[in-house]
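**Q** This is the structure I want to talk about, given as structure tokens.
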Amino acid sequence: MTTTTTRTAATWTDYATALGCPQVNCLAGLTPANVALEKVRETFVNNLKFAAPKFKTAGIKLLTDPINCKRDIPGFYLNYTQQALDIIRDVGHDNLFVQYDIYHMQIMEGDLAPTIEKNLAMIAHMQLADTPGRHEPGTGEINYQFLFRWLDEIGYKGWVGCEYKPKAGTVEGLGWRAAHHVA
């Protein structure tokens, strides 16, 4: 471990603590050209093994976020819920969770409701956008009225963050909340 690595980890926990951020997302990033997938996985697992206890000591959950490589970020390493869970298992630390992005997982694997329910204990945060287009709920194929009711029914207690591009502007892009009884 280098001094730079130690300072970097301390800096990120310091930033998150100063901002009152209870969770931090550690993205896997792009798979470098000419690097074997086994090496990419090993490096990611080792980085998470390094970071998870440091964030736990600071009282901050560490999350990792599967992203679709079909449309938005070709070459992104972490793409599936099960892949994230396998990495979490291999890291072997109780302070590593999934950030479940409904938009990305609809594109990569579909079957949203059963996947979320099966893995609810490992999902610390969710994000939303509709597909296609990555716009607000109600503009695409995902049945958010069902999904919001269903998240309540299965006992999801975390936040659902919005990460979308408003189709017709910011104010108009918030109109979906009334139809879904969201504050």
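The values are calculated or read from the model by the stated rules, or taken from the named source; none is laboratory data. Just so we're clear, the structure is a prediction, and the values are computed from it rather than from any experiment. Glycine gets a Cβ as well: all are built from the backbone with ideal geometry, and neighbour counts include every protein chain shown. With ligands, DNA and RNA removed, areas are computed over all heavy atoms of the protein, side chains included. Shrake-Rupley method; radii C 1.70, N 1.55, O 1.52, S 1.80 Å.
**Q** Right, residue 64: farther than 27 Å from residue 158 by Cβ, in contact with a helix residue (DSSP H, G or I) (Cβ under 9 Å, 6 or more places away or on another chain) and either buried (at least 16 other Cβ atoms within 10 Å of the Cβ) or among the aliphatic types (A, V, I, L, M) (or both) or not?
**A** no
**Q** Residue 71 versus (1) within 25 Å of residue 32 (Cβ to Cβ); (2) among the basic types (Lys, Arg); (3) in contact with a strand residue (DSSP E or B) (Cβ under 8 Å, 6 or more places away or on another chain): which is the lone unmet condition?
**A** All conditions are met except number (3).
**Q** Moving on. Given 35, 91, which one is farther than 26 Å from residue 148 by Cα, touching a Lys or Arg at 6+ places or on another chain (Cβ under 6 Å) and not hydroxyl-bearing (Ser, Thr, Tyr)?
**A** Of 35, 91, the one residue that is farther than 26 Å from residue 148 by Cα, touching a Lys or Arg at 6+ places or on another chain (Cβ under 6 Å) and not hydroxyl-bearing (Ser, Thr, Tyr) is 91.
**Q** Could you list, in sequence order, the residues of the range 71-89 that are more than 27 Å from residue 130 (Cβ to Cβ) and open to solvent by 20 Å² or more (accessible area, probe 1.4 Å)?
**A** Scanning the range 71-89 gives 86, 89.
**Q** Something else: Considering only the range 91-119, how many residues are more than 15 Å from the chain's Cα centre (by Cα) and aliphatic (A, V, I, L, M)?
**A** Looking only at that region, the number is 2.
**Q** Quick check: is even one residue across the range 41-56 over 30 Å from residue 142 (Cα atoms) and in a loop (DSSP other than H, G, I, E, B)?
**A** No, because not a single residue in the range 41-56 is over 30 Å from residue 142 (Cα atoms) and in a loop (DSSP other than H, G, I, E, B).
**Q** So the check is Cβ under 6 Å with 6+ separation or different chains; which pairs have a first residue in the range 139-150 that's under 14 Å from residue 177 (Cα atoms) and a second one that's open to solvent by 40 Å² or more (accessible area, probe 1.4 Å)?
**A** Close Cβ pairs satisfying both conditions: 139/167.
**Q** (1) closer than 25 Å to residue 76 by Cα; (2) open to solvent by 50 Å² or more (accessible area, probe 1.4 Å): which one isn't true of residue 18, the others all being true?
**A** (1) is the only condition that residue 18 fails.
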